[in-house]
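Below is one structure, written out as structure tokens; the observations come after it.
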Amino acid sequence: MGKLTRRGLLGASSSILGLAACNREPILDPEARITVSPDDRTAYPGTVNFIHGVASGDPVPYCVFIWSRGTPDAALPGMSIPISFGVFEDEALERPVRYGQGYAVPERDYTVKVNLTDLEPDKEYFYRFIDKVTTGDVSSPLGRTKTTAASGDKPVQLAEISCSNFPFGYFHVYRDIANTPDLDAVVHLGDYIYEYGIDGYGGDVGQEIDRNHEPPLRGKP
């Protein structure tokens, strides 16, 4: 596996948003390398799962945001979770380009957001987050993102979606979008995942296919 330069790693480290320590400032190791990734921080004593997956957005030619949330099974009051992220040029994670460390804090509901800068335009990248816990490192699902082209001469391929009432439907279109390789971005015009409760519009379908809100929501917000 390749190594990052100090200059490149410092650029990635300075772009972290939301990986806050107890003083709400990022704690990063500019000397770390992808091939070694030493992490001597104290592990979170509970258990953590990435049940919300990962996401990316707001792409431009040289930057893109990545996001995730590590959910503690039983949150320990006031305790932060050591977290790191890695960005790669390939799905096999053999060509690293970014690495950083920080903390997911309870004040931000353990969500993290990183602004990746100094990327190449019109290029696909793969990324993941890792939580450090006493039972061993917990990896998020592998995410895929893409920067936009630097020139306005290239057509932009977009997918457009809206009205995602979670209990009401099977959402095959999301599978088809995920399997479309030449998309530049997905534009969501309105997310109605919590528009109705279990006793509202579409609630009977949610009961039938066993897909209801967790925690349950009743009525309309």
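Derivation of every value follows stated rules applied to the coordinates shown; laboratory data play no part. This structure is a prediction, so every number in the text was calculated from the model and none was measured. Positions of Cβ are backbone-derived with ideal geometry, glycine not excepted, and every protein chain shown enters the neighbour counts.
One chain, two ends: HIS52 and VAL186. Fully extended at 0.36 nm per residue, the span grows by 46.4 nm beyond their Cα-Cα distance.
In this simple spin-label model, placing a label point 7 Å from the Cα along the Cα-to-Cβ direction at both THR42 and ARG211 gives a separation of 4.3 nm. Averaging 1/r over every pair of different alpha carbons in the range 89-172 and inverting the result gives a Kirkwood radius of 16.5 Å. Per-residue extension of 0.36 nm, minus the Cα-Cα distance of ASN115 and ASP199, leaves a gain of 26.3 nm for this segment. Shape summary of the range 69-221, radius of gyration then Dmax from alpha carbon positions: 19.0, 52 Å. Compared with the direct C-alpha span, the chain from GLU107 to ARG144 gains 10.6 nm at full extension, assuming 0.36 nm per residue.
Remark: TYR201, TYR170, TYR103 ranked as TYR170, TYR201, TYR103, counting other beta-carbon atoms within 10 Å and listing the fewest first. Taking other residues whose beta carbon is less than 13 angstrom from the beta carbon of SER164, and scoring Lys, Arg as +1 and Asp, Glu as -1, yields -2. In summary, the convex hull built on the alpha carbon positions of the range 155-221 has an orientation-averaged projected area of 5.0 nm².
Taking every C-alpha pair closer than 8 Å and separated by at least 6 residues, the mean separation divided by the residue count of the range 93-186 gives a relative contact order of 22 percent.
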